[in-house]
Amino acid sequence: MKILMYAVLEPEKKYIKQWSEENGVEVKCVDERLNKDTVKWAKGFDGIDFQQTQPLEPEVYQALHEYGIKQLTARMVGYDMIDFDLAKKYDLIVTNVPAYSPRAIAEMGLTQALRLVRKLGYYDQRMDKLDFRWAGLESTEIYNLTVGIIGAGHIGGATAQLYSALGAKVIATDPIHRVELSPYLEYTDQDTLLKTADIVTVHTPLNDSTTNLFNAATFKKMKSTAYLINMARGGIVNANDLIAALQAKEIAGAALDTLADEGQFFEKQATADEIPEDYKALRAMPNVLISPHSAFYTDTAMKNMVAMGLDDVVAIVNGKRPQFEVYGK
Ligand code: NAD
């Protein structure tokens, strides 16, 4: 069996090689994404696997069908780049990787929250100046805090378990109330969460209800001692309103793993002129932590992302039901 993987990132390669050796399946990797020009490379392969946010053109579906390929496997959570009507027309089963490691993102969010709570940005600033005085560095302890989770799904649920294990009180908002999370959190409404949480941690998708969810009005509802943790999508937080809220001391700090305009420097070495002004202003603040959309980036997550996608390609090629089917014939 031969599988072609599109849009392969350097960090994935060792896990692809490992999976290929363990499963005795030949896997070819290309850097380019799947589109009407690159789909011809799939001729002669038994299956394909890709990750990208750009929609697939109609020619892609037709060509894959002509080459005898039976699936479209996105090794990522989202699959909105796939047109299900075309997938159905051309007999393509769609699979994704819905949760490659919620713990990876949950642990990163917790780590950043602990850094903020312990004011480590200010510690670093002082140590750079050989300033060993303590004034202004008094902190609090995590079990004294209320943590508010907005979006308690896979990642938010894992986040609730971590904070709960540390003794914090955990409250959450989510239109879906999951009974299995009841040992770790209590559901509340969004306003109560914003007004009472010491750490507000966001784990929703970017959708109509969450775009710009954190704006000037939202920050005014939060405690002046509260921290915002956004490990989800940049568009959930209005960066200029966040800067204003931090300058006015309406909230105490923030950790952002994603930014609305990150597309042009996502997993790239950026130049200073590519970085938006709001991003530079945030980066300069000792109470703001920015990471390169890498909260998911652990060995477990990478291994799962690769293996869960490829396992499903093999299942479909062998005529078996895949584990993560989002659309079946
Ligand atoms: P999930 O679907 O399991 O959970 C999302 C939850 O958000 C759902 O329970 C949903 O009901 C809830 N929700 C939707 N709109 C809401 C709203 N307005 N208020 C409150 N809750 C709302 O998804 P997940 O696997 O936990 O991932 C969550 C998000 O994390 C993803 O959509 C993605 O944007 C982000 N993510 C980030 C990284 C990273 O590396 N930083 C990696 C993977 C995912």
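Structural remarks
- Per the listing Y122, Y100, the residue uniquely on the phi < 0 side of the Ramachandran plot, of a type in the set (F, W, Y) and within 15 Å of the ligand (Cβ to nearest atom) is Y100.
- Taken over the range 230-251, the criterion of being away from the ligand (no atom under 11 Å from the Cβ) and surrounded by 20 or more Cβ atoms within 10 Å (Cβ to Cβ) is satisfied by V237, N238, A239, L242, A245, L246, I251.
- Spans of strands (runs of 3 or more DSSP E) in the range 158-271 with at least 2 residues over 25 Å from Y297 (Cα atoms): 169-173
- Only listed residue being of a type outside the set (D, E), farther than 22 Å from I155 by Cα and without any contact (Cβ under 8 Å) to a residue 12 or more places away in the chain, chosen from A270, A239, A244: A270
- Filter result for the condition that a residue is touching a strand residue (DSSP E or B) at 6+ places or on another chain (Cβ under 7 Å) and either at pLDDT 95 or above or hydrophobic (A, V, I, L, M, F, W, C) (or both), over K195, K169: K169
- Residue among Y184, Y227 that alone is modelled with pLDDT of 95 or more and within 16 Å of the ligand (Cβ to nearest atom): Y184
- Some residue of the range 213-220 being touching a residue at least 40 places away in the same chain (Cβ under 8 Å), out of contact with any Gly (no Cβ under 6 Å at 6 or more places or on another chain) and surrounded by 14 or more Cβ atoms within 10 Å (Cβ to Cβ): yes
The values are calculated or read from the model by the stated rules, or taken from the named source; none is laboratory data. Quantities reported herein were computed from a predicted structural model and do not represent experimental measurements. Heads up, the Cβs are rebuilt from the backbone with ideal geometry, glycines too, and the neighbour counts pull from every protein chain shown.
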